[in-house]
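K.L.:
Sharing a structure, written as structure tokens. Questions coming.
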Amino acid sequence: QVQLVESGGGLVQAGGSLRLSCVVSGIIFRINTMAWYRQAPGKQRELVARITGDGRANYADSVKVRFTISRDNAKNTVYLQMNSLKPEDTAVYYCQRYSYSASDSWGQGTQVTVSS
């Protein structure tokens, strides 16, 4: 059973930066494509970025250039560096396996709030 612990969120002004971290256990981390998702109030959860075990990354159009996903397979940790933050980036951010199933548990997420 995958276990995920996200951290690094906070309150930041527009244009600022944050770095999120997610420590993963319960799976063979290095072979799993990992992803960051976010859910804003009243909206569905959306995929923000994903990264393969060997480091290939893809991003949602809304965050391209501004966000960078990375991972440290030795530490079972995935990161999300967020620069040039906008108020519309405000959401709870979650990490998860990209190929998650309905039975997979989610972490508590980390709140990111961007003020204008």
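K.L.:
Here is a check on your reading of the model: is Tyr93 closer than 19 Å to Phe29 by Cα and either at pLDDT 95 or above or out of contact with any Pro (no Cβ under 9 Å at 6 or more places or on another chain) (or both)? First the steps, then the outcome.
P.N.:
Values: closer than 19 Å to Phe29 by Cα: no; either at pLDDT 95 or above or out of contact with any Pro (no Cβ under 9 Å at 6 or more places or on another chain) (or both): yes.
No.
K.L.:
While we're here: Here is a check on your reading of the model: is Asp61 over 25 Å from Gln1 (Cβ atoms) and of a type in the set (D, E, K, R)? So that I can check it myself, show each step before the final result.
P.N.:
Values: over 25 Å from Gln1 (Cβ atoms): yes; of a type in the set (D, E, K, R): yes.
When the stated conditions are applied, Asp61 passes them.
K.L.:
Here's a follow-up. Name the residues in the range 33-53 that are charged (D, E, K, R) and closer than 17 Å to Gln108 by Cβ, would you?
P.N.:
Let us first name the residues in the range 33-53 that are charged (D, E, K, R), namely 38, 43, 45-46, 50.
The answer is Arg38, Arg45.
K.L.:
For the range 29-56, give me each residue that is of a type in the set (A, V, I, L, M) and surrounded by 14 or more Cβ atoms within 10 Å (Cβ to Cβ). Outline the logic, then answer.
P.N.:
Taking the range 29-56 first, the residues of a type in the set (A, V, I, L, M) are 31, 34-35, 40, 47-49, 51.
Residues satisfying the conditions are Met34, Ala35, Ala40, Leu47, Val48, Ala49, Ile51.
K.L.:
Can I ask one more? Quick check on the range 1-35: of everything there that is without any contact (Cβ under 8 Å) to a residue 60 or more places away in the chain and in a strand (DSSP E or B), which residue is nearest to the chain's Cα centre (by Cα)? Even if it seems obvious, please write down each step before you answer.
P.N.:
First pass over the range 1-35, keeping only residues without any contact (Cβ under 8 Å) to a residue 60 or more places away in the chain: 21, 23, 25-26, 28-31.
Add one more test, that the residue is in a strand (DSSP E or B), and what stays is 21, 23, 25.
Details: Ser21: 8, Val23: 11, Ser25: 16 Å.
Here the residue is Ser21.
K.L.:
Residues that are in contact with a strand residue (DSSP E or B) (Cβ under 7 Å, 6 or more places away or on another chain) and among the basic types (Lys, Arg), at least 1 per element: which strands (runs of 3 or more DSSP E) completely within the range 43-116 meet that?
P.N.:
Values: elements: 46-51, 57-59, 67-72, 77-82, 91-97, 110-115.
Hits in the range 43-116: 46-51, 67-72, 91-97.
The values are calculated or read from the model by the stated rules, or taken from the named source; none is laboratory data. Not measured: the values here are computed from a predicted model. Virtual Cβ from ideal backbone geometry, glycine too; neighbours counted across all protein chains shown.
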